[in-house]
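Report on the structure given below.
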Amino acid sequence: FRFKDSLAEELRSADLVISHAGAGSCLETLEKGKPLIVVINDKLMDNHQLELAKQLHRDGYVLYCNCSTLVETLQSMDLSALKPFPPGQPEKFASFLDKVFGLQ
């Protein structure tokens with residue numbers, strides 16, 4: 001997709017998601033419980049996508065590759081090895097902020 005306001009419907013029906021390694025795309029996919037392969041854009045200047053992809057991979061949540069290794073990754077992938085992404089806990093963050101700002 002070039003641009004869509006929401007991919008919620010596509011994510012809901014997907015068996016596998018292949019995406020760039022943007023934080024929003026990764027988290028939205030993982031929160032939906034879908035297996036994810038992130039394809040790194042290694043032409044980015046600071047290559048922040050690589051850092052995120054490596055960490056999510058180390059934690060066992062995603063597979064990652066670049067454009068030239070995508071076919072190989074698809075052929076050798078073992079999606080059963082991926083761990084489910086834990087649900088967010090926004091109430092903990094809110095509580096932390098309340099303490100920081102003296103609201104508790």
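Taking (1) in contact with a strand residue (DSSP E or B) (Cβ under 9 Å, 6 or more places away or on another chain); (2) open to solvent by 100 Å² or more (accessible area, probe 1.4 Å) in turn, residue 104 satisfies each apart from (1). Can you confirm whether the stretch 64-83 contains a residue that is open to solvent by 90 Å² or more (accessible area, probe 1.4 Å), free of Cβ contacts under 8 Å to residues at least 24 places away in the same chain and part of a loop (DSSP other than H, G, I, E, B)? No, the stretch 64-83 contains no residue that is open to solvent by 90 Å² or more (accessible area, probe 1.4 Å), free of Cβ contacts under 8 Å to residues at least 24 places away in the same chain and part of a loop (DSSP other than H, G, I, E, B). Restricting 31, 91 to residues that are among the charged types (D, E, K, R) and surrounded by 11 or more Cβ atoms within 10 Å (Cβ to Cβ) narrows the list to 31.
Quick check on my filter: what residues within the stretch 25-59 are within 11 Å of the chain's Cα centre (by Cα) and not in a helix (DSSP H, G or I)? Walk me through it before giving the result.
First, the residues of the stretch 25-59 that are within 11 Å of the chain's Cα centre (by Cα): 25-39, 49, 52-57.
Of everything in the stretch 25-59, those that are within 11 Å of the chain's Cα centre (by Cα) and not in a helix (DSSP H, G or I) turn out to be 32, 33, 34, 35, 36, 37, 38, 39.
Taken as a whole, the condition of being modelled with pLDDT of 95 or more and more than 19 Å from residue 76 (Cα to Cα) does not apply to residue 21. Mind listing just one residue for me: the one in the stretch 1-18 that is in a loop (DSSP other than H, G, I, E, B) and among the charged types (D, E, K, R) and, of those, modelled with the highest pLDDT? Selected residue: 15.
Give the residues of the stretch 64-83 that are among the charged types (D, E, K, R) and more than 15 Å from the chain's Cα centre (by Cα), sorted by residue number. Full working, then the answer.
Within the stretch 64-83, the first condition is being among the charged types (D, E, K, R), and the residues that meet it are 72, 78, 83.
Of everything in the stretch 64-83, those that are among the charged types (D, E, K, R) and more than 15 Å from the chain's Cα centre (by Cα) turn out to be 72, 78.
Taking every residue in the stretch 90-103 that is part of a helix (DSSP H, G or I) and pairing it with any residue that is of a type outside the set (Gly, Ala, Ser) and open to solvent by 100 Å² or more (accessible area, probe 1.4 Å), at least 6 positions away or on another chain, the pairs with Cβ-Cβ distances below 6 Å are 98/104.
Does residue 38 meet the test of being open to solvent by less than 30 Å² (accessible area, probe 1.4 Å) and either of a type outside the set (Ser, Thr, Tyr) or under 23 Å from residue 87 (Cα atoms) (or both)? Lay out the reasoning, then the answer.
Values: open to solvent by less than 30 Å² (accessible area, probe 1.4 Å): yes; either of a type outside the set (Ser, Thr, Tyr) or under 23 Å from residue 87 (Cα atoms) (or both): yes.
It is true that residue 38 is open to solvent by less than 30 Å² (accessible area, probe 1.4 Å) and either of a type outside the set (Ser, Thr, Tyr) or under 23 Å from residue 87 (Cα atoms) (or both).
The values are calculated or read from the model by the stated rules, or taken from the named source; none is laboratory data. These numbers come from a predicted model, not from an experiment. Cβ coordinates were reconstructed from backbone atoms using ideal geometry, including for glycine residues, and neighbour counts include every protein chain displayed. Areas reflect the complete protein model, heavy atoms only, side chains present, ligands, DNA and RNA absent. Shrake-Rupley method; radii C 1.70, N 1.55, O 1.52, S 1.80 Å.
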